[in-house]
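Participant: Structure below; questions to follow.
Just so you know, all these numbers are worked out from the coordinates, no wet-lab data involved. None of the values given here were measured: they were computed from a predicted structure. Using ideal geometry, Cβ is built from the backbone for each residue, glycine included, and neighbour counts are taken over all protein chains shown.
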Amino acid sequence: MHQLILWLYSLAVWLATPLLLRKLRRRALTEPGYAVAVPERFGHYPPPMDSLSPSSETEADEQFIWIHAVSLGETRAAAILLKELRPLLPGMRLLLTHGTATGRAEGEKLLLPGDVQVWQPWDTPGAVRRFLRQFRPSIGILMETEIWPNLVAACRRRRIPLVLANARLNEKSRAGARRLGWLSRPAYAGLSAVWAQTEDDAARLRDVGAHVAGVFGNLKFDVVPSPTLQAQGRAWRAASARPVVLLASSREGEEAMWLEVLKQKTPLTPASQAPAAIDSGVNQSVQWLVVPRHPQRFDEVQRLCEAAGLRVSRRSQWTAQPDSADVWLGDSLGEMALYYGLAHVALLGGSFAPLGGQNLIEAAAGGCPVVMGPHTFNFAEAARLAIDAGAALRVADMAEGVAAAAALAQDPQRRRALSERCVAFTEEHRGAALDTALAVLQRLREAVDDRPD
């Protein structure tokens, strides 16, 4: 019965291929990275790739360690894991796959000589078969949420251990997995091991058929912000005439909410009229910094701000320091440590619209207090722990968020106390990266022992 279901699923995915190609063409109009190496998505690789693939005689410790990090957040988690994994596997070769252009761009920073980066294969039997035959990974590590039925089934047939690391599953996703249990349950059950972020995630994952082998916490607690970027951000913050509030990783619709609040309740003082000192008590406004989650929206967000009558200065145009403007627009990738260093307080994007929130741990690691909205279901445990530790505040909506962030930004004593709690909060929860790396090493050893003589 399962084979019939998998065949029907494979047929549906194959029939959807033209839709995928059309989507890639459309996305490439705003994000050119989606037009790069499209044949890789279907398991077709250029001849030079052959010299980078292991031969059948290659020793196990020289084969690829395959990590799949679909997007930007998962790629950053993979970077944290790699820092612990490479010393345990000297000379390891990384096979890094992605599904999004931002993930692939971020992943390029993780490559060493001998490593390979390609797109995740589209989940048809042919594409998956060609991918596994080309690279023959010794283990596959899926980051956080990515489960594909044909990929799981093919790895099982080839006796390639496939694990889900830093795994999370919210209630909405569990409900969806249960509705499609005839397809999803065998896929979850086919994983060699699942290492969950929290006990609640573990319970939900078990409920959909996964074998949960450990609860290690969130890899992102082990993040170490770039000292260089942090120092640059803090230098710019010290030079700012007003306290800086960051709308971090904002999603579509949230900037409009924020602008509506500014119009109604907190109009900005023009930057040219700001006093010389942040805490002079004369100026009650703040310097706004907005960093959209998706780079293809940078221009759109600038247009929204300018339509509201606000002057915008973009990060890409700064030289020695930020230009004077009502709103600073963070239009760069890989610089969140700089933006959190620049900000006194951050509003958490994705949490004011029903989108599940974004990762708040990076902000906390940089000592930046967080004000979050009501929607944090994708990071529920981290949000709860941050609130309990006094490193974050919860508000009901954007209006409360703007008011709370502005008040906190202009209260240096309270702000410093929360900043110290942020750093202590992340320090307390470190360790998942090493635990996960050791578990990968153990799974590799078991796979070698299980191989037929």
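Participant: Kindly list the residues of the range 135-151 that lie in the label zone of L180, defined by a backbone N under 19 Å from the point 7 Å along the Cα-to-C-beta vector.
Facilitator: Within reach of a label on L180: 142-151.
Participant: Sticking with this structure for a sec: With no solvent and one equal point scatterer placed on each C-alpha of the range 311-453, evaluate the Debye formula and give log10 I(q)/I(0) for q = 0.21 Å⁻¹, two decimals.
Facilitator: Computed log10 I(q)/I(0) values: -1.31.
Participant: Please give the helix 72-88 orientation as an angle from the longest Cα principal axis of the chain, in degrees from 0 to 90, rounded to the nearest 10.
Facilitator: So the helix axis and the longest Cα principal axis differ by about 60 degrees.
Participant: What nm distance separates the two modelled labels at E420 and L112, each placed 7 Å from Cα along Cα→Cβ?
Facilitator: Modelled inter-label distance: 3.9 nm.
Participant: If Rh is defined by the Kirkwood formula over all Cα pairs and Rg also comes from Cα, what ratio Rg/Rh do you get for the range 293-357?
Facilitator: My calculation of the ratio gives 0.96.
Participant: Another question, if that's okay. Roughly how many nanometres apart are two label points built 7 Å out from the Cα toward the Cβ at A396 and T228?
Facilitator: Spacing of the two 7 Å Cα→Cβ label points: 4.7 nm.
Participant: Write down Rg/Rh for the chain, rounded to two decimals, with Rg from the C-alpha atoms and Rh from the Kirkwood relation over Cα pairs.
Facilitator: With Rh from the inverse mean 1/r over Cα pairs, Rg/Rh is 0.99.
Participant: Full-extension gain between A235 and R27, please, as 0.36 nm times their residue separation minus the C-alpha to C-alpha distance.
Facilitator: The A235-R27 span can extend by a further 71.2 nm.
Participant: Relative to the longest principal axis of the C-alpha atoms of the chain, give the angle of the C-alpha long axis of helix 125-135, reported between 0 and 90° and rounded to the nearest 10°.
Facilitator: 90 degrees
Participant: Binning at 5 angstrom from zero up to the longest distance, how are the C-alpha pair distances of the range 142-187 distributed in percent?
Facilitator: 5, 20, 26, 28, 15, 5, 1
Participant: So what's the range 72-136 giving for Cα Rg divided by 2.2 N^0.38 Å, two decimals? Please list the in-between numbers first.
Facilitator: Details: Rg = 12.6 Å, N = 65, 2.2 N^0.38 = 10.7 Å.
In units of the 2.2 N^0.38 Å rule of thumb, it is 1.17.
Participant: Highest mean first, what order results for 79-88, 25-34 on Cβ atoms within 10 Å?
Facilitator: 79-88, 25-34
Participant: Continuing with the same structure: Under 14 Å from the Cβ of L304, count the other residues' Cβ atoms, weight Lys and Arg +1, Asp and Glu -1, and hand me the total.
Facilitator: -3
Participant: Let me make sure I get this right: for the range 199-269, a, b and c are the square roots of the gyration tensor eigenvalues over alpha carbons, sorted descending. Under 1.5 in a/c it's rounded, otherwise prolate if a/b > b/c, else oblate. Which is it?
Facilitator: On the way: a/c = 4.83, a/b = 1.68, b/c = 2.88.
Cα axes put the range 199-269 in the oblate bin.
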